[in-house]
Structure formats: C-alpha cells, structure tokens
Amino acid sequence: MAWNTNLRWRLPLTCLLLQVAMVVLFGVFVRYDPDADAHWMEEKGPGNLSSDLDNEFYYRYPSFQDVHVMIFVGFGFLMTFLQRYGYSSVGFNFLLAAFGIQWALLMQGWFHSFHDGYIFVGVENLINADFCVGSVCVAFGAILGKVSPVQLLIMTLFQVTLFSVNEFILLSLLGVKDAGGSMTIHTFGAYFGLTVTWTLYRPNLYQSKEREGPVYQSDLFAMIGTLFLWMYWPSFNSAVSNHGDAQHRAAINTYCSLAACVLTAVAMSSALQKKGKLDMVHIQNATLAGGVAVGTAAEMMLMPYGSLIVGFICGIVSTLGFVYLTPFLKSHLRIQDTCGIHNLHGIPGIIGGIVGAVTAACATSDIYGEEGLVRAFDFKGSKKNWSPSMQGCFQAAGIFVSLAMALVGGLIVGSILKIPIWGQPADENCFEDAIYWEVPEEHKETALHPEDSTLKPSEP
Amino acid sequence: MAWNTNLRWRLPLTCLLLQVAMVVLFGVFVRYDPDADAHWMEEKGPGNLSSDLDNEFYYRYPSFQDVHVMIFVGFGFLMTFLQRYGYSSVGFNFLLAAFGIQWALLMQGWFHSFHDGYIFVGVENLINADFCVGSVCVAFGAILGKVSPVQLLIMTLFQVTLFSVNEFILLSLLGVKDAGGSMTIHTFGAYFGLTVTWTLYRPNLYQSKEREGPVYQSDLFAMIGTLFLWMYWPSFNSAVSNHGDAQHRAAINTYCSLAACVLTAVAMSSALQKKGKLDMVHIQNATLAGGVAVGTAAEMMLMPYGSLIVGFICGIVSTLGFVYLTPFLKSHLRIQDTCGIHNLHGIPGIIGGIVGAVTAACATSDIYGEEGLVRAFDFKGSKKNWSPSMQGCFQAAGIFVSLAMALVGGLIVGSILKIPIWGQPADENCFEDAIYWEVPEEHKETALHPEDSTLKPSEP
Amino acid sequence: MAWNTNLRWRLPLTCLLLQVAMVVLFGVFVRYDPDADAHWMEEKGPGNLSSDLDNEFYYRYPSFQDVHVMIFVGFGFLMTFLQRYGYSSVGFNFLLAAFGIQWALLMQGWFHSFHDGYIFVGVENLINADFCVGSVCVAFGAILGKVSPVQLLIMTLFQVTLFSVNEFILLSLLGVKDAGGSMTIHTFGAYFGLTVTWTLYRPNLYQSKEREGPVYQSDLFAMIGTLFLWMYWPSFNSAVSNHGDAQHRAAINTYCSLAACVLTAVAMSSALQKKGKLDMVHIQNATLAGGVAVGTAAEMMLMPYGSLIVGFICGIVSTLGFVYLTPFLKSHLRIQDTCGIHNLHGIPGIIGGIVGAVTAACATSDIYGEEGLVRAFDFKGSKKNWSPSMQGCFQAAGIFVSLAMALVGGLIVGSILKIPIWGQPADENCFEDAIYWEVPEEHKETALHPEDSTLKPSEP
C-alpha cells in the first residue's frame, strides 16, 4: 500500500494550530508562581530571616536541568541506534517533547496548580511537565520508525491529557506517593505505547527488516543517550521529593539500584549468547531498568541494600525480556516494540509499583520517626488516620489504575492514529529518515530499496 | 592563489605569547573575590546568622556549569555539521574559548570588578567571561571553515575587547538591562561576525562547495550541540539575574520561548520544502532562536504567554531567513555566512532587544510591586528618577550602539585578518580539516582535491 | 597463542558473585547518613533557624552530578578514539565503574564513615566513590584494548581496595590535603595502571597495530569525553572542599589552569609536527593536564595567576610526553600505554602533588587569615601545632606513599591478571570489539584479520 507521506500541509498546520492554541491558553490561564513573581521579595516580608536562597528555584533547579537533559538528549539519543533513523529519533523526540511540555504545563496546572482561575507556574511545574513528556518518550520507543511526526503530535496531545488524569487520580484521589513515576510515567507510558503499537500492527514490517538494526556508529550515539539517562536518573527520582532528607535519600537509592543493575544486565547478556558476547541492546537498555524500578520507593526508607536488590533483579528480568519476551510479543501477540520498552519501562515499572507498595506498607515510626512518617507519606489532612499498610494498599491500587488507563487510552488513541490520513510510512519504508527528511546525497543513494518506486507515485 | 598554511611557527608563537601575557596580567591584577577568599568566614562576622550557603557560589555555580557546557560542547558540536571540518569546529572553538575566557576576565574585570588596583574574580565573573566568549563563538559561525586558528585567536583578542567596551557602555553608561545578552552577546556577535566575513569575501569559494554540506553522521554530532544549547538556555538567560524571583522567572520564560520556537521552526521547515520534508539545518538552528530572543526580557515580567509569542515568531522568522535570506546575502551582498548566524543570532538578537525595550517600557508598579520595580530595573542611585518608559528608550538605544560597535569593529578586525600572513586556507581548501590537522589515513585519501596539488608547493 | 576468549561463564559468574557480595555487605553495613535519614527534621531540632537548605545535599549535589558525568561519559568517551573499540571503551568503563562505586562506598566507608558498626552514606560518599573509581578509569587507559572485562573487574576490586588504603594513609594518617586527588586519584591511578601494563607486556602487540589508531568519527566521539572532562573539572576539584570560599576558590583555580593548558598544548602540538599540523591526541588529552595538576592546590590560596602558571607548564610537559616519552616507554621500558595516561595523569599528578606541597608550605595567616588558615588545613585536634611548612613536608611525603602503593600494588595485581584464565585477547586480536561484543554485520566483515582464524579454534 502506497500511502502519501508528503507532510507539506499536514505537519505545518498541525504544528501551527497546536502552538496557537498554546499561546491562547497560556494567555488566559498561566501566571508566575509567587517564587517567580516580582512581588516575591515583598511577600516574604521584612521580618523574614532567611536568605534569598529560600526560593524553590535553588532547591529544584539543578535537578530540573538534569531531567531536561534526560528527556531531550537521553531519550533522543537512546533511540538513534537505528542505522537510518537518527534524524527522526532525535528530531521527532525534540518536536513531541517541545509540544508536550507546554500542554503538560496546562493539563497538570489545571489539576494541581489552579487557583482563582489561574495556573501558577514555577520550577516544580517545569519538572513535572518534563516528567509527563517522559511518558510520551517511553511510548514513542514502541512505535519508533513506524509513524509520522503528525501522528506523534496527536499521540502527545492525547497521552499528556490521559497522563494528567491518571496522575491526578493516583496522587490526589488515591493519595499515592510516586515521586520517580514508576507507575505514572513508566508503567502508564509503556503499556500505553504497547497498546498503540498493537493497534497499529504492521503485518509486512519484515519488508523494512534490514534497516531495523544498528550500525557501529549508531550504537555509539545511542550510548550517549543511555549514559545521560543513567547518570542523571538520581536527579529524576529525587527532583520533586520533599526538601532535605527525602531528596537526598532518593538520589542515594537510585544511584545504588542503577549500579547493581549494570552488573546483572552484563551478566545475563553474556550468559544468554552462546559465545558469551555482550549485546549492545542490553547494555543500552537493561542497565537502566534499576532506575525505573526504584521510582516509587526511592524517597522512602528503602535502604541502600534494598535498592541494590531491586537493581539486581531488574537487570536480570529486563535482559531476559529482551532475549525472550520481545520476540514472543512480536510473533505471537502482534506487538511490534521497536525499542523493547516493555523490558525497560513496562516490567520494571510494575516492579517499581510493587516495591513502592511493599515499602510503604512496611513503614513504621521506628524507621521514619513520628514526624518523619507524617512527612514522608503526608499523613495529615484527609489522610490523617491512614496507616502505612493502608498506604500500601492504595499504592498497589495505583498500579492497576495506571494499567487500566494505559490499555483503554492506548486502544482509543491507537485507533485514531490508524486512520490513513496522517502521512504514516508504508511497511517497506519504515525506519527510514529519507521519508520525512532531506538527507545528504551520499546517504540518499542507498536510502530506499529499488522497489521503493512504490513510494514515489504516492507523492503528488 | 596558494597561501602558506603551515602554521608551525605562527600558531605556537601566537598561543605562547598570548598565554604569557595572560599570566603576567593575571599576576598583576587578578585576585579572589571576597566570597572565594580564605578570609571569607572572618569577614562574615560572628553575629551572622545565615549558613555557609550564603556564598555567591551556591546561587550561581550550577548555572555557570550549564553555560560552560553551552560554550564548549554546545557551540563546538553545533558547528560539526560540516562533513570534513569536525576537528576544526570543535578544536578551534575550544582554543578560542579557552583564550577568550582569560582575556574576558581581565577586560570585563577592569570595567566592572576593579577596586584598589585589583580585579576581584568570583563565580559571576566566570559566567560573564563565558558569555563574552559566547559572542566570539557566534561570530566564528560566520567564518567557519575559511580562517586559520591564528586568525581566530586574533579575532578573539579584538572581539573580546570590543565586547567589553560595548557591554560597559550598555550596562554601566546607558543603564540597560540585558541579562541574557540579546544585544551584548547575540546582536553584537552576529553583526560583528557578518562584517568580518563580508570583509574576508572569497569570490571563488564555490571551489570548496562539495565540502560545505553535511554527511549523515556529522548532522547527528551537530544535534548534540543543538540540544545542549537548547536545554541549558534557561540557565544561560538566568545565570546573572538577581537572586530569587528574577533568576526563577528568567528560566521559566526561556523554557517557554524555546518550546514554542521548536514547533514553528518545524512547521516552516516542512512548509518551505516542496515535498514537505524537514531540513536538519533548520532543526539544528532555528529551534534555538527563541532563546536568543528572550535574552533581554527573560528576567522581566514578560509573562509565559509573552515568551511563547516571542518563540513563535522567531521560529518562523529564523527558518525563513535560512531559506531566503542567507542565499540572498551570499549572492547579492557578498556575505558568506557558513552557519547562518544571521538567522540564529542576528535577527533574533535584534528582536530580543526590541522585546526587552517594549517590556521595560510597559513595566508598572502594579505588575512588579513598588520594591520589585526598583529591584528589577535598578531604579536607584543615578537611575533613581527613571521611569519605565525612559528605561525602554535606553534599552532601544542599546540595540543601535551594539550594531554600530559591531559594524565598525568588524570592519577593522576584518581588515586586519585579511592580511595574507595568518595562514588562511586557499579558496579551494576551505572547510577541510586536513589543512590544519593530522587526519587518519583513511580520511586523508579523499581529503584534498586532485587539483589540491596547489597546496603542496606552498608548504616549505 | 590462541587464548579462549569466550566469557560465557566467566563474566556472568564474576558479575553475579561480586554483586551478591555487594548486596550482603550493604545489608550488613550500609545505612543512611543523618542528612538522608527520615529522622533528619527531628534531629535538626525545633529551635533551628536555618532552612531546609542546610542539608549537605544542597552543597554537594550539583558537583556530584558533574563528577558522575566525568566518570561515565568523560572517561568512557575519551577512550572511544580507537577505531574498533568504541563499544568496549564505553561499555567496559560503564561496567567497572558501576561495580567500583559500590565497592568504594564500602571500602571508603569503613575507613571514613564507620560508626557503631555501620557505614553512614550521604552525597559526599557518593562523590568520593566516584573519585575512587576515577583512579580505576585512569588505570584502564593504560591497558585499554588488551584486557578482558573479567580482568577489569578483578583489577577494580583490588585497585579500589588499595586506593582506599592509600587514601586513608594520606588523608587520615599523614593529614594531607588532596581535595582534587592529584596524588590519591591521578598519581596513584596512573602509576598503578602503568605497572599493570608493564606486567602484562605483549611483545607481539604490533600484530594489532592497524587497529590502534582512530578513524575520523571516533576522534569526534572522543572529543565528547574530552570536553565533558574539561568543562566539569572545576566541579571535580571543588566537590569535596570545605563549604563556601574553599569550594568557590577551587572552581576558579581549576577554571584558570585548564584554560591556560589548552593554549600551551595547542602551541606544542603544532610546533612539534613538521608541517605545523595539530594532533587530535594532544587536543584530546594534554588540554586536560591542567586540571590534574591543580587537584591538590585548587582549594588553597594558589591565586589565579598561580593556576595559570601550573596550566601553562602542564600543557607543554604533557604534549612533550605524548611526542617523546610514550614511544620511549614503549620501546625501551616495555610499557605499552594505550591512552598515554603517563602524560595526562602521571606526570601532571606528580606536578600537582609538588604544587600542593609548595603552596601549603608557603601558607601564612596573612594570606588565609588566622581562622582561615586553621580551616584550610585543619590545624586543630591532632594537627593543632602544625605549621604550614610541616604541612608541606607531609604533602610531599604523600606523593611518595602514593607512588610506592601504586608500584607495589600494580605489580601484585598485574601478576594476578597475567594468569591466562581470564579470557584476555591474543596479541593479534587486541583493540577489537568483535572479540567480546556482537557487532553489526557490516562491521563484522572487516572485524578480524584473515589470520584471525587462530581465534576460532580457541572457542569451544
């Protein structure tokens, strides 16, 4: 089937329409948080002893920048492993994230920072917007190479919306703690993406098979993504935790979990290949599973050895997933998961949710201190009479809610994306930059199969 | 014309001479800022209640490191898009910036941190030195591939000097606010660079034409530069703003402007190509214009939607510039602008200056608070009786001063660089690493044209 | 000699064994530092006026992340310059560092953070663990391409242990100051690595000669490593300094030294090549020597011009080392130093130790202030009666202790690594990813020499 992949009107119109909508909505709704408003100094009052440093900016900004790097360089370059899809991996990720953060500021703002008709935006909102987009980047991994940028923008529009609803249900209605987003970001993002790719199943994708692997250099570019994700993950999991010990602890736990994960991922990668050779796919992906899986519990008193155990298990499970599960999903369940997000975000996300639920249920005032327990789980206001085990139950409920939202949402959004008007590539043109990008002459020559002549008639 | 490009004596002598001069001048003039001096604790006094954190270091250091990455990795890799000029792009940028920051510490120090015969250097000076060098990196973009490292060092020497004079006129004499440097860094840097490249016009540059484009991998390297510039730009525009709300606000505004800019740049890139394909040049460059254009106003109460509008416009204008203006400048005005800095720094810089002037002129004590207005625009001391509209006029004057300094300075420096003794490459050897670098054998084979035999005689 | 390089059982077992040991030891020993413990708020007490910011996390975390990037991206990519060893450079560095930081947390913890049977871990411990691993990354540079990942893990196990002992002797027994680790990290790491590579001497390494150089793209990847090391080095040298002025000063001094170093390295690189062309090896490495050489003295009152002088000298010495010393060591002393760590870490490390000793010996209460002198050198407790010159002597002693530990330790560890059971590559298969990694088809074709058939029989 020769689809029309010329985006000359569709992509510009989509971008401009969305951006105009953002301008209007920001104009109506978005104002500065008091900490970012010029009235700040006056509001602090003359009797205030603390220094200028007592501005949320100084607690969160370094973490924000690390998270920002993860979203744009981390996810963007992680996906450049495909030999002829580097422009699209980095470029489309850039595009969808740039749109997504704006829309997330609004959606999350309406749910969490809406007062007197206005959304008040500060550095914590920027972090949360990046987080929300993180879940879209995860889902992008499943459909990488098989969709057009227009489809990605539409998916982002819907996924950010659903993410915000799900996040609101978990954090505000169920009282769940999920600072690093094992459930809200990873579980939701992964199963949403997997459902979308299931809906968009391409029976003839084998026609693009020879481009679905890496070349030597593309694997090195992907390692840039892997390492920036790995290094900055402690910032990711601690970025919106409570000030002080919680942020500190979240960073330590994530550091430990990730370190352990590398060793077991390497071990399994070597053990599962008959000559004992390592596979870059595992090194690029499974080494990160430990960060996903301590997302919920990182700020809790998981203990450093607890983090090591979580990382230990996830490195193994994730690598096994790449070797056995991904091929199975593809051949038996019609789930074509380009980047193997099920192994990096799906299973580890669920593990993370479970670890969080168990850690919360086991919390005692011995471990946290009386005041510490209240601080850690917000046992005040409407949660005043909650016990840790109750918290644990609600945490567990959060996993199921996230899964349900992901599956239902993915089905709906997948169906919308399936409509053949968004400029998606034909099965024999997947994983190919030349469809949507001007590529250098030297690259163009080998760009399309001889049989790609099918592509040309489709272009007016 | 076969120029002698052997730099064996010229480059080492230039480097050593400049570096010896730096050592001597630092010895005579440069001392630690009180916050970096071992007497610091004593000077704080025993009655001081605030913690160790009340050291400028903790307000500025994270931003400084982000800016540092932008100068060395951001600008360095952004310019690696040329297929055979990666060593030079990264390496010469490294060289000129390493010299430039030292000279800038001195020049800016004499103008702004000079007390009792000494320049007192702290983290804010490091940021400002990086800023100053940023304007040299901008200018480098116009002449990329057509100059020798000796020429670059000489240009840096003069440009840093002129930058500091211009900055002094704007900030100290005219009382202009320009925290993110739309005028001092981008407008000045861009028009300086354009004037230099105009002076160095090469009528036979077409002889190097086939090397003036990217290959597939070089475009991916360039995206590393783009993304680090894009991600850290909020730090750039907020790095030297007032503590607290101003820094906070500058980061938010820049974040918003850049996000909007990506969508409109993508829209225009697709709309202007007849098959609707995206052009990496636009993605690499035009997406950054939004950061340039909120440089002046970022710390003001521009409002998030104001930032979106600025980004919206600049994404469009910048992409249009790449498609229509750069070829026009080249063919009709003899301005050979290798990286298209006119579209990324020139026009957006001027827009930024105008946005800053208008935003300042519209400031009221309603929006800023009485005290906030004074803090934001320094309406005290010699500026005690200034009104916002007066501030706006002076802001506007700053644009013209920067332009004048850039044009006159560029003309003079360009004429100096034109003297044929600095080892510049011949027209047919531009955009080629092998002139100044030892390159791997495999690369050398294809390095020079057959007709490059002209090069060899010129080497003794 | 055809060794068996199939690691199918050896690598997984080594990884899993080490990781299980880490889990058990962490379970027995490692707990959270009070600043990262949920009891933190209560322990601060209600009368405490300071804000949440007074948590060690906010003093150190941004520096920690910068150091983290240096270890994983900096060292990892710096070593990707080899044309066919990119996977291993980045991947093995990732593996050894992930193990090393865990083991370092324990070893350094027992020596420095051990109270009541527990190691209390906070952000400073994370930085120190990264530092310790830095010395292993340095040593890795000497044996790059000639060892198996199993050997690297074993070396890491021993080197981290020895590092911690040496560090304890220097910092705790001798009272030496070495915040940036000129002695503990660089001198120790370099001479340890050189001794190991001397022990592992390969007389027939010339058989792998054609792979021991870069290709064009691999040199650009290496520049990513170089630049992140260079840019973040001010954070490295200041990360564990005293709060306030010492951290501030360390960053400034390192910034200055590194800048000067770039100019003299470029000067020498050009001067020593007969056509005056620059050599990427020098730009990638010698430009960093200035950071190594101010490691000890950066937090002292070295003065900015003092830093420039140190950088000036090291840029020259290091480049000379690459041109003359490395070939000499290889041909006459049987020291095969793949990355030239002797020039980047060895000599500059010793220079750094000397500079530190001299700077300490010259300290006066005029320069530091009475209180400042005590703070800077810990002249209290057991060091109460020390004079600066005494401090200088002990600093000098630290150099010799580090050298002795490195040589003896390297000899022992080298002998262990020489046992031919660790899956090391044959002389004709060095510098080749395909031995330990699955590589893309296109790359495999040219992977092994024709004569590499010797490799296959060795695999069962």
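Considering the conditions (1) out of contact with any Ser or Thr (no Cβ under 7 Å at 6 or more places or on another chain); (2) among the hydrophobic types (A, V, I, L, M, F, W, C); (3) more than 17 Å from C:Gly141 (Cα to Cα); (4) part of a helix (DSSP H, G or I), C:Ile350 is excluded by exactly one of them, (1). Here B:Ala298 meets each of (1) at the interface with chain A (Cβ under 8 Å from one of its Cβ atoms); (2) surrounded by 24 or more Cβ atoms within 10 Å (Cβ to Cβ); (3) farther than 30 Å from B:Tyr87 by Cβ; (4) not aromatic (Phe, Trp, Tyr) with one exception, condition (1).
Scanning the stretch C:95-117 for residues that are under 20 Å from C:Phe236 (Cβ atoms) and at the interface with chain A (Cβ under 10 Å from one of its Cβ atoms) returns C:Leu96, C:Ala97, C:Ala98, C:Gly100, C:Ile101, C:Leu105.
The listed residues are B:Lys209, B:Lys277, and the only one of them that is surrounded by fewer than 24 Cβ atoms within 10 Å (Cβ to Cβ), under 30 Å from B:Tyr85 (Cα atoms) and within 8 Å of chain A (Cβ to nearest Cβ) turns out to be B:Lys277.
Would you please name the residue that is modelled with the highest pLDDT, looking only at residues in the stretch C:29-46 that are aliphatic (A, V, I, L, M) and not in a helix (DSSP H, G or I)? Across the stretch C:29-46, the extreme among qualifying residues is C:Val30. Pick from the stretch A:378-404 the residues that are in a helix (DSSP H, G or I) and within 28 Å of C:Asp33 (Cα to Cα): which of them is nearest to the other protein chains (Cβ to nearest Cβ)? So the residue we want is A:Pro388. Out of all the residues in the stretch C:323-358, which are touching a residue at least 40 places away in the same chain (Cβ under 8 Å) and among the small types (Gly, Ala, Ser)? Correct list: C:Gly340, C:Gly346, C:Gly349, C:Gly352, C:Gly353, C:Gly356, C:Ala357. Looking across A:Phe140, A:Phe120, A:Phe92, A:Phe72, one residue alone is within 14 Å of the chain's Cα centre (by Cα) and within 11 Å of chain B (Cβ to nearest Cβ). It is A:Phe72.
Does the stretch B:149-176 hold any residues that are outside any helix (DSSP H, G or I) and surrounded by 24 or more Cβ atoms within 10 Å (Cβ to Cβ), and which are they? Residue satisfying the conditions is B:Val176 alone. Residues in the stretch C:74-91 that are among the small types (Gly, Ala, Ser) and more than 15 Å from C:Val215 (Cβ to Cβ): C:Gly74, C:Gly76, C:Ser88, C:Gly91.
Quick check on the stretch A:347-377: of everything there that is within 13 Å of chain C (Cβ to nearest Cβ) and touching a Lys or Arg at 6+ places or on another chain (Cβ under 9 Å), which residue is farthest from A:Phe400 (Cα to Cα)? Filtering the stretch A:347-377 for residues that are within 13 Å of chain C (Cβ to nearest Cβ) and touching a Lys or Arg at 6+ places or on another chain (Cβ under 9 Å), the one farthest from A:Phe400 (Cα to Cα) comes out as A:Gly369. Scanning the stretch B:212-254 for residues that are part of a loop (DSSP other than H, G, I, E, B), within 7 Å of another protein chain (Cβ to nearest Cβ) and among the β-branched types (Val, Ile, Thr) yields a single hit, B:Val215.
Checked against the criterion of being of a type outside the set (A, V, I, L, M, F, W, C) and under 30 Å from C:Pro388 (Cα atoms), the stretch C:189-209 has at least one qualifying residue. Among the residues of the stretch B:1-12, count how many are within 8 Å of chain C (Cβ to nearest Cβ) and buried (at least 18 other Cβ atoms within 10 Å of the Cβ). So the answer is 6.
Where helices (runs of 4 or more DSSP H) sit wholly within the stretch B:47-138, those with at least 1 residues that are free of Cβ contacts under 8 Å to residues at least 60 places away in the same chain occupy B:56-69, B:86-112. Filtering the stretch A:13-39 down to residues that are out of contact with any Leu (no Cβ under 9 Å at 6 or more places or on another chain) and facing chain B (nearest Cβ under 7 Å), which residue is surrounded by the most Cβ atoms within 10 Å (Cβ to Cβ)? So, considering only residues that are out of contact with any Leu (no Cβ under 9 Å at 6 or more places or on another chain) and facing chain B (nearest Cβ under 7 Å), the one surrounded by the most Cβ atoms within 10 Å (Cβ to Cβ) is A:Ala36.
Scanning the stretch A:260-274 for residues that are in a loop (DSSP other than H, G, I, E, B) and surrounded by 24 or more Cβ atoms within 10 Å (Cβ to Cβ) yields nothing. Restricting to the stretch B:368-398, what's the tally of residues that are of a type in the set (Gly, Ala, Ser), out of contact with any Gly (no Cβ under 8 Å at 6 or more places or on another chain) and surrounded by 14 or more Cβ atoms within 10 Å (Cβ to Cβ)? Residues that pass the stated criteria total 5. Only residues that are of a type outside the set (A, V, I, L, M, F, W, C) and surrounded by 15 or more Cβ atoms within 10 Å (Cβ to Cβ): list them for the stretch C:399-417, please. Correct list: C:Ser402, C:Gly409, C:Gly410, C:Gly414.
Among the residues making up the stretch B:418-434, a single one is under 26 Å from the mean Cα position of the chain (by Cα), surrounded by 21 or more Cβ atoms within 10 Å (Cβ to Cβ) and part of a helix (DSSP H, G or I): B:Asp433. Evaluating B:Ser365 against the criteria (1) within 22 Å of A:Ala36 (Cβ to Cβ); (2) small (Gly, Ala, Ser); (3) buried (at least 16 other Cβ atoms within 10 Å of the Cβ) leaves one unmet condition, (3). Just to be sure I understand the filter: pairs with C-beta atoms under 7 Å, separated by 6 or more residues or on different chains, first member in the stretch B:360-386 and without any contact (Cβ under 8 Å) to a residue 24 or more places away in the chain and over 13 Å from B:Glu299 (Cα atoms), second member assigned to a loop (DSSP other than H, G, I, E, B) and aromatic (Phe, Trp, Tyr). Which pairs pass? Filtered contacts from the stretch B:360-386: B:Phe379/B:Trp386.
The values are calculated or read from the model by the stated rules, or taken from the named source; none is laboratory data. This one's a predicted model, so the numbers in the text were calculated from it and none came from an experiment. Here the Cβ is made from the backbone with ideal geometry for all residues, glycine too, and neighbour counts use every protein chain on show.
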